[in-house]
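In what follows, a structure is listed as structure tokens, so that the remarks can point back to it.
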Amino acid sequence: KEEASPSPEPTVVPTSDRHFAVLPGAAFEPLTDAIGAQLFHFTFDENKKTPDSAGFLIPDQVQVQRVLKQRVDMVANVIDTLDEYSKSEGSGIGADGEYRGVVASFGSEHEAAKERILMNKASLTSTVARVHQYDLMLDPMATLAEYPRMLVASALCALEYGDETSARELLSKLIGDFGSSFLSHIQLGYKAKISDFISETYAKGKDEKTLAQEAQISFFGIFSIGDNSKTTETSIKEYTNNIEHSHADVVGCGAWVPHMSYEDWSKDCVGGDALLGGQSTPIYEVINPSQFPGVNVTIVEKAYTLAQQLVRDLIDINTYVG
């Protein structure tokens, strides 16, 4: 019943150095939970790498910290609402400012799952085992890449000549091309996640705590981690017999196939490169005097306010109450 998610295409790099597929400074749209192109200009003059044998190459404009006390963090939950589902399926990137409390919407591949939850046709359990290995932070002094810098500079120039309409169009293009936020801090490592759709009749006969415990023990069985629970084999057999559909999402540490043990999958994992979570910053925060030192501060502030309003308008158009 388990399905292995397709492995992502490997990042092609010109040298033997390993590169993270996602870095701070990448564009991010909280409304769709989508990560886009890099917003900032990166250099690699310092030949900076992760402080371990994995040797991931780090841009000069990114600060890296290795998590010294690494452990398997396991959580099992019963998903009852669409908001809980969206959060469980998302990137884990938090959003500040106008996006606080906004839950992302996802593509068509999740519509069937959402319909099952909405119509109470099945209960969804989500069990995740993750290992947090790295924290990466964008240097506050990092400068914009050429294209986004050109868009903002052109908007500033338009405002200097009193052309607010053109400035608004240019800032709208910035948001349209790069999203309304960027990743300022990310957590990387590796994780294994199992999502089970449980039959409605079985789920109704269980309280959520028991159902979550059974999901966790079922996860242990799939990955051969072992079982320290008092839950009986009969109970676990009943749980697995009532799984209508199961999906495995295993990322950050090489390929995995159904029924491969957790130990076999993770034993050779020196450095994980899966995105586990992090924080985003509104894109209008890049419109500041330090990025554009030669421009009148009043003009910069006006562009900032324009971009901020455009982001608010975007949220208002694409979200609803309830």
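Just a few scattered comments:
- Top-ranked residue in the stretch 274-294 [being within 22 Å of ALA26 (Cα to Cα) and of a type in the set (Gly, Ala, Ser); ranked as surrounded by the most Cβ atoms within 10 Å (Cβ to Cβ)]: SER280
- All conditions in (1) polar (S, T, N, Q); (2) touching a residue at least 40 places away in the same chain (Cβ under 8 Å); (3) over 30 Å from PHE56 (Cβ atoms) hold for GLN291, with the sole exception of (3).
- Close pairs from the stretch 205-219: first farther than 15 Å from LYS237 by Cβ, partner small (Gly, Ala, Ser) and not in a helix (DSSP H, G or I), Cβ under 6 Å, at least 6 apart: ALA212/ALA76; GLN216/ALA76
- Among the residues making up the stretch 192-235, a single one is small (Gly, Ala, Ser), farther than 28 Å from HIS132 by Cβ, in contact with a helix residue (DSSP H, G or I) (Cβ under 8 Å, 6 or more places away or on another chain) and modelled with pLDDT of 75 or more: ALA203.
- Set CYS253, CYS269: member being part of a loop (DSSP other than H, G, I, E, B), at pLDDT below 80 and touching an Asp or Glu at 6+ places or on another chain (Cβ under 9 Å): CYS253
- Scope the stretch 144-154; condition within 30 Å of GLY278 (Cα to Cα) and surrounded by 15 or more Cβ atoms within 10 Å (Cβ to Cβ); matching residues: LEU144, ALA145, PRO148, ARG149, LEU151, VAL152, ALA153
- Taken together, the residues in the stretch 164-183 that are surrounded by fewer than 23 Cβ atoms within 10 Å (Cβ to Cβ) and hydroxyl-bearing (Ser, Thr, Tyr) amount to 3.
- Of the candidates VAL311, VAL297, VAL321, the single residue that is exposed (fewer than 13 other Cβ atoms within 10 Å of the Cβ), at pLDDT below 95 and aliphatic (A, V, I, L, M) is VAL321.
- Checking ASP60, ASP52 one by one, the residue that is modelled with pLDDT of 85 or more and either hydrophobic (A, V, I, L, M, F, W, C) or assigned to a loop (DSSP other than H, G, I, E, B) (or both) is ASP60 and no other.
- Tally, over the stretch 178-209, of residues that are in a helix (DSSP H, G or I), under 26 Å from VAL250 (Cβ atoms) and not charged (D, E, K, R): 2
- Applying the set (1) surrounded by 19 or more Cβ atoms within 10 Å (Cβ to Cβ); (2) closer than 30 Å to LEU144 by Cα; (3) of a type in the set (S, T, N, Q) to GLN216 leaves exactly one unmet item: (2).
- The selection criterion, being farther than 28 Å from VAL250 by Cα and either buried (at least 23 other Cβ atoms within 10 Å of the Cβ) or modelled with pLDDT of 80 or more (or both), holds for TYR161.
- Tally of residues being farther than 15 Å from VAL62 by Cα and either in a strand (DSSP E or B) or modelled with pLDDT of 85 or more (or both) across the stretch 7-26: 1
- Long-range neighbours under 9 Å by Cβ, at least six apart or interchain, first residue free of Cβ contacts under 8 Å to residues at least 40 places away in the same chain and farther than 29 Å from LEU144 by Cβ within the stretch 51-69, second among the polar types (S, T, N, Q) and part of a strand (DSSP E or B): none
The values are calculated or read from the model by the stated rules, or taken from the named source; none is laboratory data. None of the values given here were measured: they were computed from a predicted structure. Every residue, glycine among them, receives a Cβ derived from its backbone with ideal geometry; neighbour counts consider all protein chains shown.
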